[in-house]
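One structure below.
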Amino acid sequence: MKKIIAYIRRKLSVRVSLWVVFFAAVIFNVALGFLFYQARDAVYQEAVSRAMQILDKTSLRVEGILNRVEVASNMTKWLVQRHPDKPDSIFVYSRGMLANNPDFYNCSIAFEPYYFKDRGLYFSAYTKHVADTLRTIQGGSDHYQYFYSDWYLMPQLLERPCWTEPYMDLDVATNTSEMVTSYCQAIKNHEGKMIGVINVSLSISWLSQTISATKPYPHSYSIMIGRGGTYFVHPDTTKITRQTIFTQTMEQPDTALTALGHAMQRGEEGMKHMELNGVDCYVFYKPLGQTGCSMAIVCPESDIFGGFDRLRNSVRAIVFIGLLLMLYLFIRIITRELQPLRQLADEAETIASGQFDATLPDFRRVDEIGQLSHSFGNMQQSLVKYIEELKNTTAQKASIESDLRIASDIQMGMLPKQFPTKADRDDVVLYASLTPAKEVGGDLFDFYFRDEKLFFCIGDVSGKGVPASLFMAVTRSTFRTVSAHESMPDRIVTTMNRTIADMNKTHMFVTLFVGVLDLPTGRMYYCNAGHDAPLLVGAGVGVLTCDANIPVGFLPSWKYTLQEAHIFTGTTILLFTDGLTEAMDGANNQFQMERVNEVAARALTDQQQGPHELIGRMTEAVHEFVGDAEQSDDLTMMAIQYIRQQSDVRMRKSIVLPNDTKEVPRLNAFVSDICEDLGFDPNVAADVKVAVEEAVVNVMKYAYPPGKPGDVTIEAASNDIRVKFTIIDSGKPFDPTVQAPVDTTLSATERTIGGLGIHIMRQNMDSINYERMDNLNVLTLRKKIVKAEN
Amino acid sequence: MNVTIQEQDGNMVAILVGNLDTSVAAETEKAMSPLYNVEGKNIIIDCTGLAYISSAGLRIFLSILQITKEKGCHVYIKGINDNVRAVFTITGFSNIFEFV
């Protein structure tokens, strides 16, 4: 069953055909039904009319016969009454009756006892048809005392002529009996006294034949019942006189039959539709004159409507076959009409498999199929075009993605990758990690060493992706450029802010933390521009106090504040962006500062507060927290641990000179002596001498206003590792370390003399370090002791 | 610091002996000023006796070079010791002077 339904759903031709046939069937049914209904009615009316006609005709016939009987009886009675004393004539009359009326059964003219004294007690002139002749006899005898017969008594009792109930008439001579009904009337003499009875009988079977002669329908039959309902005419001869119409209702009550019986007894005429013995019939009934009998014609419905029903069934069969044929033909026709669709479908499959250029079949039709084919062709062309565009877009996208990867590499390349460890430096250990959320991000960190100071910064550009990464690149290069000339974080940030704000058309901004850690002393200057305050992990876990400056890039005129802190040996400064505190897990919970503190505290307890270990632990904790959720923001951390041990000072000397270059020889002698004392290699000592001279000469020339005398203090100190010369003056603030580097590759004509001194200082000394402290310029030059090889 | 200027084989030779530090820079320059007027001759600065030089001294050398080069003179440096050479190298002056 399911297969059939599936088949029907698949096939349009079948579905459409089924619908058409269905509606045709409905229409046929309605139309034919109506027609048949009306026709049936007509047939019915016709049948009724026909049956009634026959009934009427038969009734008339019977009544005619009955009439004849009555008339004949009257005539004979008149005759007898005219000649009441001629017994032989009675036989003639009796005979004459029959002779003139061949269809009468018998005739008896019977007289009262001993009316004809010479004939005895009984005198009945009885005539009957026997074969072709008539037999006339005297019918009364001791065996047949007719005085007590119904036919003799009834007219006397009723005092009028009447028809008897059917009874058996026994013919003694032939010993046959026949069911008859008699018309009997009293014969009266001229005094009005009854002298005898004329009885004319009709054979019931003859009557029955007459009644049954005309059959409206092949299986119809006639019945006749008497006053009491007794059957006198019935196709089943066993019922005649033995059963009444009500007999079978005694065993099985049948209201219809009972009603019919009563109606007929009452002398009604009409038609009843009922079931007789299981057969649907129409019963047409009518009383027979004055006999008290009633006759009915029973027409089986099948007779009446038999032909009609057969016709109807034939038509139905024809319609059914016709519809089936129609179904089949329609399926074929529609299938053929849809052939082009199948072709289109096949071509569509070809296109779908990738051959976009397949040629569609051309049907040259203008109907719906043609339009579909046309639209299909358009769609194919559009498809080809769009696929081309898509290819291009995809290629572009791939190209952009590849560019992004390269950009990511470039951006990562911009970040420092070499981090000084304990093996590299004895004063500071550093580690940092940056994980962008997309290929390129807006977080940045940077650090570099200049003149015994560690310059570092960490920042977070507002936003993500390419715009942020470009801004990040600008910020970083600005940091490098500005901090080459400025050593103070507040000035660095202020200048960066002005520069960046001036070119900031997109209204982005960057939070920034800039710090400068003086490596010899552990003093850190810093400036925070809206960034998260760093953690200090040392004696405990604490937050570095930061002023609330605004992020960089907003307001060109903002003045950033300078702060300072002392970093004790062993302390790690942990800098981070909000990608750490705002790292989200699947349920949108944030990592938060509490967890950062926790991890740091635990690391401290485990003595794992070194930068690499600390950041490692923090990264692990974040990954565990975030789980499978997508990284929402760049994650950046930088940790700086100050590990410089102050070693013992072995030697300290100093000299104070006025700001007059004439004093240079004294200075040089001072330096020479110290170097010699320390066992310096002479060539290295020479380098030191030149460097120190340049430094001091700078101060002598520029620190104080021209013509104004001032002092320059030169302090020398050394420990086991290095010697340091500290040049102190109280002149105007001057940081030699921020002067522009000298380009030593210029040609003779292009060279200038400026900046040579500082260049030499830097080149010859391990580090130069400038501080402005308490209105003093303090310039420190350091050199590792290189002993002479002996 | 001693400066001697003499002509040798068609060249102007300046012989320097001593330490050319900032304190003596001014007078040394004055002593070498005749070299500014040299035309059409080569200048040789003899540094065999030069023990020490600082940036002030370099400034003098550069001046001489720039001014006389315009006049078409070559400037040669003769016989510098290691320390002095180191200074020339560090400052890139070793690229702009010719050494003999």
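Computed from the coordinates by the stated procedures, all read-outs in this text should not be read as laboratory data. All figures in this text were calculated on a predicted structure; none of them were measured in a lab. Here the Cβ positions follow ideal geometry from the backbone for every residue, glycine too, while neighbour counts run over all protein chains shown.
Enter the angle in degrees (range 0 to 90, nearest 10) between the Cα long axis of helix A:255-265 and the first principal axis of the Cα atoms of chain A, meaning the one along which they spread out most. Once rounded, the angle reads 30 degrees. Computed about the Cα centre, the dipole magnitude for the stretch A:415-642 is approximately 700 debye when only Lys and Arg (+1) and Asp and Glu (-1) carry charge, each at its Cβ.
Approximating the spin labels as points 7 Å out from Cα along Cα→Cβ, the residue A:137-to-residue A:732 distance works out to 18.9 nm.
Taken residue by residue and averaged, Cβ atoms of other chains lying within 10 Å of the Cβ of B:16-24 number 5.
Placing unit charges on each Cβ (+1 for Lys and Arg, -1 for Asp and Glu) gives the stretch A:555-663 a dipole about its Cα centre, and among A:635, A:608, A:645 the Cα reaching farthest toward its positive end belongs to A:645.
Based on the Cα atoms of the protein assembly as shown, what semi-axes does the equivalent ellipsoid have, where each is the square root of 5 times one gyration tensor eigenvalue, given in whole Å with the largest first? All intermediate terms of the calculation are to be shown ahead of the outcome.
Numbers: eigenvalues 5332, 206, 68 Å².
Values for the protein assembly as shown, descending: 163, 32, 18 Å.
Were the residues from residue A:608 through residue A:89 laid out at 0.36 nm apart, the gain over their Cα-Cα distance would be 170.0 nm.
Computed from the Cα positions only, the extents of the stretch A:268-354 along the three principal axes stand at 103, 18, 17 Å, in decreasing order. Excluding residue B:99 itself, calculate the net charge of residues whose Cβ lies under 14 Å from the Cβ of residue B:99, where each Lys or Arg counts +1 and each Asp or Glu counts -1. So the surrounding residues net to -1.
Counting only Cβ charges, +1 for Lys and Arg and -1 for Asp and Glu, the dipole size of chain A around its Cα centre is about 3500 debye. Residues A:619, A:478, A:133, A:181, ranked from the fewest to the most other C-beta atoms within 10 Å, line up as A:133, A:619, A:478, A:181.
Using the alpha-carbon atoms, what tilt in degrees (0 to 90, nearest 10) does helix A:12-82 show relative to the longest principal axis of chain A? Roughly 10 degrees, rounded to the nearest 10. For chymotrypsin sites (Phe, Trp or Tyr not before Pro), no site in the stretch A:337-398 is both called loop by DSSP and has at most 14 other Cβ atoms within 10 Å. Expressed as an acute angle from 0 to 90° and rounded to the nearest 10, what is the orientation of the C-alpha long axis of helix A:664-677 relative to the principal long axis of chain A? The angle comes out at about 80 degrees. Here the alpha carbons of the stretch A:301-457 define both size measures, Rg and Dmax, at 40.0, 134 Å.
Residue by residue along A:686-699, Cβ atoms of other protein chains within 10 Å of the local Cβ number 4 on average.
More than 19 Å apart: what percent of Cα pairs in the stretch A:180-316 qualify? Taking all Cα-Cα pairs of the stretch A:180-316, the fraction more than 19 Å apart is 57 percent. Take each residue in B:86-93, count the other chain C-beta atoms within 10 Å of its C-beta, and the mean is 6. Near residue B:44, the amide H atoms lying under 5 Å from its own belong to B:12, B:13, B:14, B:76; only residues 5 or more places off or on other chains count, and H is placed 1.01 Å from N.
A simple spin-label model places the labels of residue B:82 and residue B:51 1.7 nm from each other, with each point 7 Å out along Cα-to-Cβ.
Highest mean first, how do A:95-108, A:767-780 rank when packing is the count of other Cβ atoms within 10 Å averaged over residues? Numbers along the way, then the final one.
Values: A:95-108: 19.8, A:767-780: 17.6.
Taking the mean over residues of other Cβ atoms within 10 Å, the ranking is A:95-108, A:767-780.
What the pair-distance distribution of the stretch A:415-642 shows, using all Cα-Cα distances binned every 10 Å from zero, is 8, 35, 38, 18, 2 percent.
With the helix formula -39500 (n - 2.57) applied to DSSP H stretches of n ≥ 4, chain A reaches a computed 222 nm mean residue ellipticity of -14500 deg cm²/dmol. Dipole check for the stretch A:651-784: with +1 at the C-beta of Lys and Arg, -1 at the C-beta of Asp and Glu, and the Cα centre as origin, the magnitude is about 140 Debye. Using C-alpha pairs under 8 Å with a sequence gap of at least 6, the mean separation divided by the residue count of the stretch A:651-784 gives a relative contact order of 28 percent. The spacing between the stretch B:1-25 and the stretch B:42-100, judged by their C-alpha centroids, is 11 Å. When you work out D = kT/(6 pi eta Rh) for the stretch A:651-784 at 25 °C and 0.890 mPa s, using the Kirkwood radius from C-alpha pairs as Rh and the Stokes-Einstein form, the result is 161 µm²/s. Rounded to 0.05, the FRET efficiency of the residue A:346 and residue A:386 pair, given R0 = 25 Å and the Cβ-Cβ distance, is 0.65. The value of relative contact order for chain B, using C-alpha pairs under 8 Å at least six residues apart, is 27 percent.
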